[in-house]
């Protein structure tokens, strides 16, 4: 017996010894590994999509390496994903040496904070309800209302569970009118209009009854108050799409999508903070929500809603890991971005992560009015791509059998996925009712596909422009008119992915002053490249007055698309375009080098309540080549 125990013990000791040796080797590697950190603050709409390619680093390699690590940790099979050449990205601002690093190894490596119209960086600093000034301050004699801890606990329980039949009753026969008033004020202060308190006489006793308010009373108090018709609030989200947050809020609050407004969309694979507004709703309703990876706060009532473009840009904090360069190379590259800017490409995020069915390919099918192709691309199986099991099974069944009803039955929550909505449309309208199935998707979702194709065209135009003519303004290039207001913050995705795409969106663009003009030969010699804008293709834009305009027609013709035909026949989305600067420059760029020891450790600290922002704000790491192999072997 003792012998067996010794053998078991020796195995454990040997295991621990091997682990210790690996850790020592790992520590030896990381002790000498510098990690560079970079802090960016931008007052313009800096392109910040995943896989951005510029003079600082080769992000095609970054994307491949980043995906490799994410697959090693999260997937059993490999999925390569789209690379820059697939989406029209091929050029650099400078030809100097850059460096290689990984962006978005984790979503927490990328933080985006909106900058409001008053140049304040938006942070989530409070989750408390706004102070209701109508309640008034308690007088000195009212500072201790007669609510016991047991009564408060009971009220909290009613408030959180929303049990309408429950109430708290307090005998207030022996306290003064002022003390009763103090209790009413305390209830309103704690729970707003969602809890109602009234004093009634029962069997010659004064009983103060507290319960949930009726919906009608809540609505009357919300819409009839002097607070303002719109509730503005801050949204801090992690690894969640802006439109997904809006969809969740509409479901939880049982409101229409067009009641929610925002100044612009933010990255999904990131930690982002931005403002939103909702028409005629109480802060108490939002505070009571329990959301996954979404945090709300900084509530305030205003008389106007947010509109698209109502911000002065975004501030970024980025961690770039596994830097393979010396400090001099890093410094030169960062200075190049500070001084010369970067090509303002639409990045990988715009085109989705699917190689089987990229967003722009689906958009191309829709623009060609090939509804069957669009539906089949959306429902096509995607081997090695991460997905929910029921969604994977539904795609597989539909692809093999074309039985929409059978595939639909696989889904647990059909209304929460694009595929589910389309399958439901096919079930309800017939196996070949592809157009009807697509009509089940929200307008902004449909527009996402066409926008991706428009973005691809823009990327290809810019790459060819830079390759053939360099970064020198040409006669016929476009600039904003002198009197055009600040529209740098408007972007195609932000403008056209609004919750309700209709003539109001177009009117809003006009109100923003989106007017351009072509440069003369003399003006081109005096204009900076940072002022040049090119349009995404659409019926309502002006094209450059030079050879570049022909390139747009060439690309559209190559893809079997005619702008006029889309304008007349497409029922799903308006063929609107927008303008985008070719070259952009970030503001207040800072960086530093630091060290980190664990491959997946959080480097950037969240700045929502309960967390503090710590330097470094932008981080990147340099690790020896065999470090990744050691990570996999541990």
Expressed in angstrom and rounded, the centroid-to-centroid distance over alpha carbons for segment 308-322 and segment 461-480 is 26
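What ranking do 117, 208 get, fewest neighbouring Cβ atoms within 10 angstrom at the top? Could you put the intermediate results ahead of the total?
Working: 117 13, 208 21.
In increasing order of surrounding Cβ atoms, one gets 117, 208.
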Contour minus Cα-Cα span, residue 206 to residue 257, at 0.36 nm per residue, comes to 13.8 nm
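Could you tell me whether segment 351-441 comes out rounded, prolate or oblate from its Cα gyration tensor? Rule is a ≥ b ≥ c as square roots of the eigenvalues, rounded for a/c under 1.5, then prolate if a/b exceeds b/c, otherwise oblate.
oblate
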Residues 268, 364, 85 in order from fewest to most other beta-carbon atoms within 10 Å are 85, 268, 364
Per the 1/(1 + (r/R0)^6) rule, R0 = 45 Å and r from the Cβ atoms of residue 150 and residue 307, FRET efficiency to 0.05 is 0.40
Note to self: C-alpha centroids of segment 155-189 and segment 532-561 sit apart, in Å, by 66
Exposure-ranked with fewest Cβ neighbours within 10 Å first, 395, 595 stand as 595, 395
With 0.36 nm assigned to each residue of separation and the Cα-Cα distance removed, residue 339 to residue 475 gains 46.5 nm
On the formula 1/(1 + (r/R0)^6), with r taken between the Cβ atoms of residue 181 and residue 416 and R0 of 51 Å, the FRET efficiency rounded to 0.05 is 0.60
Segment 351-441: relative contact order from alpha carbon pairs under 8 Å, six or more residues apart, as a whole percent, is 22
With label points set 7 Å from each Cα along the Cα-to-Cβ direction at residue 590 and residue 292, the distance between them in nm comes to 3.7
Each label sits 7 Å from Cα toward the beta-carbon; between residue 558 and residue 517 the label points are separated, in nm, by 3.4
Taking 0.36 nm per residue of separation between residue 393 and residue 95 and subtracting their Cα-Cα distance, the length gained on full extension comes to 102.5 nm
Label model pair residue 165, residue 436: point-to-point distance (7 angstrom along the Cα→beta-carbon line) in nm is 4.3
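Values in this text are rule-based calculations from the coordinates and carry no lab data. Computed from a predicted structure; not experimentally measured. Note: ideal-geometry Cβ built from the backbone for every residue, glycine included; neighbour counts use all protein chains shown.
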